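Remarks on the structure that follows.
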Amino acid sequence: MNREWAAILRSKWFPASVGITAALAIAGLLVGFVVLPLADRNEQFHSVWDAICSAAGLIQNAAREPVVQANYPTTRVELTPRMLRGASAESIGRGATLALRCTMCHGARGLSEANTPNLAGQYAVVIYKQLMDFKTGARVSAVMAPLVGDLSDQDMRDLAAYYAYLPRVPASRPAGEPPQIVASGAPLRSIAPCGACHGELASKPGAAWLEGQPFDYLRTQLQDFASGARRNDIGEQMRNVARGMTVAEIDAASRFYAGLRGPTGSQADASSKQH
Amino acid sequence: MILAHFWLAFAGFGAALPLGAWQMYIRSPLHGWISDPEWYYRSVTAHGTTMAYVFPTLVAMGFGYFVAEAALQRPLIGLRWAWLGFALVVIGTVTAIIPVALGLASVLYTFYPPMIGNPFYYIGVVLVVVGSWIWVALMGINMQRWKRDNPGTPVPFPMFATVAGAYLWGWTAVGAALELLFQIIPAALGLSRTIDAGLARVFFSWTLHAIVYFWLMPTYIAYYTILPRAIGGRLYSDAMGRLSFILFLVVAMPIGVHHLFADPEVGSGFKFLHSVFTALVALPTLLTVFTICASVEIAGRLRGGKGVLGWLAALPWRNPVMLGAALSFVMLGFGGAGGLINMSYQLDSTIHNTQWVTGHFHLIFGGAIVIMYFVIAYDLWPHLTGRSLDSLGLMRAQLWTWFVGMIVLTFPWHYVGILGMPRRMAFYDYSDPVIAAQAASVTMSVIGAAILVVSGALFFLVLARGHAAPRTAPPAYRFSVAVRPPRALPAALNGFGLWLGLMIALTLVNYGFPIAHLLATPGTAVPTVNVGALR
C-alpha cells in the first residue's frame, strides 16, 4: 500500500489530478462567489466580502420593513391548541345563566329555529373568538354587537364553556359521497378540503364545527367571506378559500354541512324547513 | 448466492412495477379523483423505496460478487459476510415495507422531513444500506487481496470498475445515513419534536445525486465488459474506461445541491459551484459513449462492415445484448439532454418540481439503466443457473417493448412538466381549463406504463423458461478484452487511493461550509409533522 502511494506521489498523475481539480474548484468558487454576485444589478454590495458572504448564504441584517397594518379592526384573539380546555362546573353554570339572553335566536338548548347558528356542542374557542370579535368590531353584526357590548372576558369564557358543554345536534349525513370541495378541495385553486379543518376527521383550533348548521347561515358566511364583508379571519384563510369557490361549490358545501340531500331541488328545501 | 441477489432484486421490481402503472392511471384523466390520496402516497412510497433502494442495490451487489469471482478468477473472500449483507437487505426490506403497507410511513422514498413516518421504515432503509456497505467492504478487500497476490499486474478492468462503483456508493450513502441516524430516526422515535428540515435536505442531496451513478454503474460496466465480447468485438481502450470510472468517483458526489436550487438554506455561490461540477459529470459519460461506439465499430468492421456507416448494418442486431445496449444509448441520450436542463441553475427554474423531473429520472433510471439490468440478467443467467436461455425472440420483444413503453411513458411526461404540471400530487382536475390540455399527454403516459407492465411480464417469462430448460454446461464466463490489454499500468490507474482523497476533499469544499453553517445557525428547526398518526 505504502509502496503504491509512493509510486503515485512520484508520478505526474498526482500533481496533474490535484492541480486540475483544485483549479476547477477555485475557478468555480471565483465565478460563483465573486463574479456572478457582483454582476447582479439588483444587489447592492458594499464590498467583495459582502458579495462572498451573500453567495455563501449567510443571513444578512436586512433593513426592517414596517409591518403593514390593516385599515379595519382585526381580531385580537390569539388561539392556542389547549385554550379553554377543561372548564369548571361553575363556569358552565354561569354561562347557562348568561345564555338566557341568547335563547331568542339560538334556542333554549343552543339549537336554532331561526337560521342562526346552532351553538350546542360548538368548540369553546370558536364561541369565545366570535364573541370577542363581535365586541371589538372585527366581525360586524347589527344584532350581535349590542348584545356583547357589556360582556366581560370571563363572561365570554363562561358562555363558551356552557355551549361547548351542551350535546350536539345529531348529525344527519346525507347518503353518498361528500361533495368534492368538502372531501378533496380544489388543489389547482389552492383550496384545501373543507373537511381538513371543519370535519370529523380533522379540526384546527378556531375552525368551527359545521355539521348541522343551517344552510342559509353557511351560505351567507361563505358569500360574506368572498365579498370581504366578513374579515375576522386574521390570516385571510377563509377569505382566500371563499374567493376561489364557485357559486355551485358554495352551495354544495353549505348543503352538505346543513345535512341536505343532492345538489339542488325543492325536496331538499322542504326537508330543511322541517328540520 | 449471486442468483439469490438477482432474484430478490427482480422480485421487488416485479412487485413495484404494477404500483407505478397504477399511480400513473390514478392521476390520469381515465380515473376520477381518488377519494383518499393517502393510498396514492402509500403506493408511491412503496414503489420508490423498492425501485430506488432495494432493486438497484441488489443488482449492483449480485453483479459485483459475480464480477469479483469471474474477473479475478478465484472464489469470493468473505462469503459468509456476503450472506450476512444479503440477510440485512432482506430484513431491512421487510422491516421498511410493512409500515409503508400499513400507511404509517407515506413519506415517499426521499423522506421529505419535516414529515416523519414510523421509525421502522427508516430503520429498515438503514439496514438495507448497512447490508450494502458490507458489499462495499468485500469488494475493496477482494481487490486488495488480489493485488497483494498479483503484484505488478493490472487489476482486471471489470473488477476495477466494480470497486469504483462500490466506493462511490460507500461514500455517497453517508449523507442519507447521517440524516437518518442523527435527524429523522430520533424524531421518529419521539426523542425530538423538531427537525432541521433544511439541513436534512442538504444531507439527502449528498446521497441523492450520486445514488443515480451508483444505479448507473452496473449498466456502464456492462457496456464496457459485456457488450464488446457479446458482439464479437474488442474494447477500444482499457485506460479510457478506467478514467471514466475514476471521473465518476471523483465528481459524481459533490454535486447534489443542484437538487436544492429552489431551497433557501444553501447560498447561491454553492449552487453555482455544484452546477459546475455537475456539468463535469457529463465528461465520463461522453468518454463512455465514445469508447463504446468505437468498440462497437471495431466489431462491425470485424464482421465485414465497410464505409462510413456500413459497419452499423453489419452489427448483430438480433443479439439481445447489442439491441439492449443500443436502445439504452438512445434513452441515455434523451435523458442526458434533459438532465442538462435540470442541472443548469437558471433553466432548472422552468421545470423545478414539475412532472418533467419525474419523467427525467424514469427515462434515465427506468429506461437506460434498467434495460441494461435485463441485458445483464440475460447474459449471466446461463452461468448462474447452468441452463441456457434460448428465447431470443422473446428477449428481443421484451427489450423493444421496454424501450417503446418507456418512450411513450416519459416523453409526454416531460412535456406536461414543461406545461407546468406539478409533481407529487394525487389528483388533477382535468376539467379545469388551465390543465385540460395536459389530459391527452397523461393518457399517453398511461399507455406507456401499460406497455412496460407487459414487458416486465415478458422478462419474467424469459427467466422462467430459462429455469425450465435442460441443464447445460456453459463455457467459462468471459469479459471483453481490450484492443491492447494493459501489461503494466501507472499506480494511479490501478488503485483508488488518490481518487478517494480527491473525492473526500471535493466533498469538504462543496458541502463543508453549507453543513457547518446550518449546524451553527440557531432557530432552523421546525416542528415535525407525523404521517399516519391520529390528529
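The values are calculated or read from the model by the stated rules, or taken from the named source; none is laboratory data. What you are looking at is a predicted structure, and each value in this text was computed from that prediction instead of being measured. All Cβ positions, even for glycine, are placed from backbone atoms using ideal geometry, and neighbour counts span all protein chains on display. Just so you know, the surface numbers come from the protein's heavy atoms only, side chains and all, with ligands and any DNA or RNA stripped out. Shrake-Rupley method; radii C 1.70, N 1.55, O 1.52, S 1.80 Å.
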- Task: Give me a count of the residues in the range A:182-230 that are basic (Lys, Arg), part of a loop (DSSP other than H, G, I, E, B) and away from every other protein chain (no Cβ under 14 Å).
- Result: 1
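How about the range A:83-181: which helices (runs of 4 or more DSSP H) wholly inside it have at least 3 residues that are surrounded by fewer than 21 Cβ atoms within 10 Å (Cβ to Cβ) and out of contact with any helix residue (DSSP H, G or I) (no Cβ under 7 Å at 6 or more places or on another chain)?
Fully inside the range A:83-181 and qualifying: A:89-98, A:103-106.
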- Query: Of the residues that make up the range A:56-71, is at least one part of a loop (DSSP other than H, G, I, E, B), touching a Gly at 6+ places or on another chain (Cβ under 7 Å) and away from chain B (no Cβ under 14 Å)?
  - Reply: no
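Select from the range B:55-113 the residues that are among the aliphatic types (A, V, I, L, M) and at positive phi and list them in ascending order.
Kept after step one, since they are among the aliphatic types (A, V, I, L, M), are these residues of the range B:55-113: B:58-61, B:67-68, B:70-72, B:76-77, B:79, B:82, B:84, B:87-91, B:94, B:96-98, B:100-102, B:104-105, B:107-108.
The one that is among the aliphatic types (A, V, I, L, M) and at positive phi: B:108.
Rundown of residues vs (1) open to solvent by less than 20 Å² (accessible area, probe 1.4 Å); (2) over 17 Å from residue B:186 (Cα atoms), yes/no style:
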position: B:88; (1), (2): no, yes
position: B:94; (1), (2): no, yes
position: B:106; (1), (2): yes, yes
position: B:118; (1), (2): no, no
position: B:121; (1), (2): yes, no
position: B:127; (1), (2): no, no
- Query: All but one of (1) buried (at least 16 other Cβ atoms within 10 Å of the Cβ); (2) at pLDDT 85 or above hold for residue A:79; which doesn't?
  - Reply: (2)
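Restricting attention to the range B:240-263, and to residues there that are open to solvent by 40 Å² or more (accessible area, probe 1.4 Å) and more than 25 Å from residue B:203 (Cα to Cα), which single residue is farthest from the other protein chains (Cβ to nearest Cβ)?
Once the filter is applied, the top-ranked residue is B:240.
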- Those residues that are open to solvent by 40 Å² or more (accessible area, probe 1.4 Å) and either away from every other protein chain (no Cβ under 14 Å) or assigned to a helix (DSSP H, G or I) (or both), I need them from the range B:409-440; list them, please. B:411, B:415, B:418, B:433, B:434, B:436, B:440
- How many residues are surrounded by 14 or more Cβ atoms within 10 Å (Cβ to Cβ) and either free of Cβ contacts under 8 Å to residues at least 12 places away in the same chain or in contact with a Leu (Cβ under 9 Å, 6 or more places away or on another chain) (or both) if we restrict to the range B:460-478? 7
- What's the number of the condition residue A:25 fails, among (1) within 10 Å of chain B (Cβ to nearest Cβ); (2) in contact with a helix residue (DSSP H, G or I) (Cβ under 7 Å, 6 or more places away or on another chain); (3) at pLDDT below 90? (3)
- Subset of the range A:241-258 (residues that are open to solvent by 30 Å² or more (accessible area, probe 1.4 Å) and without any contact (Cβ under 8 Å) to a residue 24 or more places away in the chain): A:243, A:246, A:247, A:248
- Item | Selection count where residues are within 11 Å of another protein chain (Cβ to nearest Cβ), surrounded by fewer than 23 Cβ atoms within 10 Å (Cβ to Cβ) and of a type outside the set (A, V, I, L, M, F, W, C), scope the range B:269-299 | 2
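Given the criteria more than 30 Å from residue B:522 (Cα to Cα) and part of a helix (DSSP H, G or I), does residue B:215 qualify? Please lay out each step first, then the result.
On the way: more than 30 Å from residue B:522 (Cα to Cα): yes; part of a helix (DSSP H, G or I): yes.
So residue B:215 fits the description; yes.
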- How do the pairs read when you match residues in the range B:480-499 that are without any contact (Cβ under 8 Å) to a residue 24 or more places away in the chain with residues anywhere that are assigned to a helix (DSSP H, G or I) and among the hydroxyl-bearing types (Ser, Thr, Tyr), using Cβ under 7 Å and keeping only pairs 6 or more apart or on different chains? B:498/A:17
- Take residue A:47 and decide whether it is more than 39 Å from the chain's Cα centre (by Cα) and either within 12 Å of chain B (Cβ to nearest Cβ) or exposed (fewer than 13 other Cβ atoms within 10 Å of the Cβ) (or both). yes
- Query: Quick one: what pairs do we get from the range B:241-256, first residue in a helix (DSSP H, G or I) and among the charged types (D, E, K, R), second surrounded by fewer than 24 Cβ atoms within 10 Å (Cβ to Cβ) and modelled with pLDDT under 90, C-beta under 6 Å, 6+ apart or different chains?
  - Reply: B:242/B:493
- Item | Matching entry among A:109, A:3, A:10 (being away from chain B (no Cβ under 14 Å) and either farther than 30 Å from residue B:499 by Cβ or not small (Gly, Ala, Ser) (or both)) | A:109
- Kindly check whether there is at least one residue in the range B:504-522 that is in a strand (DSSP E or B), out of contact with any Lys or Arg (no Cβ under 7 Å at 6 or more places or on another chain), surrounded by fewer than 18 Cβ atoms within 10 Å (Cβ to Cβ) and more than 10 Å from chain A (Cβ to nearest Cβ). no
- Using the structure shown, decide if residue B:266 is β-branched (Val, Ile, Thr), outside any helix (DSSP H, G or I), closer than 27 Å to residue A:27 by Cβ and within 12 Å of another protein chain (Cβ to nearest Cβ). yes
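Is it fair to say residue A:67 is open to solvent by less than 100 Å² (accessible area, probe 1.4 Å) and not small (Gly, Ala, Ser)?
Details: open to solvent by less than 100 Å² (accessible area, probe 1.4 Å): no; not small (Gly, Ala, Ser): yes.
Considered against the rule, which asks whether it is open to solvent by less than 100 Å² (accessible area, probe 1.4 Å) and not small (Gly, Ala, Ser), residue A:67 comes out as no.
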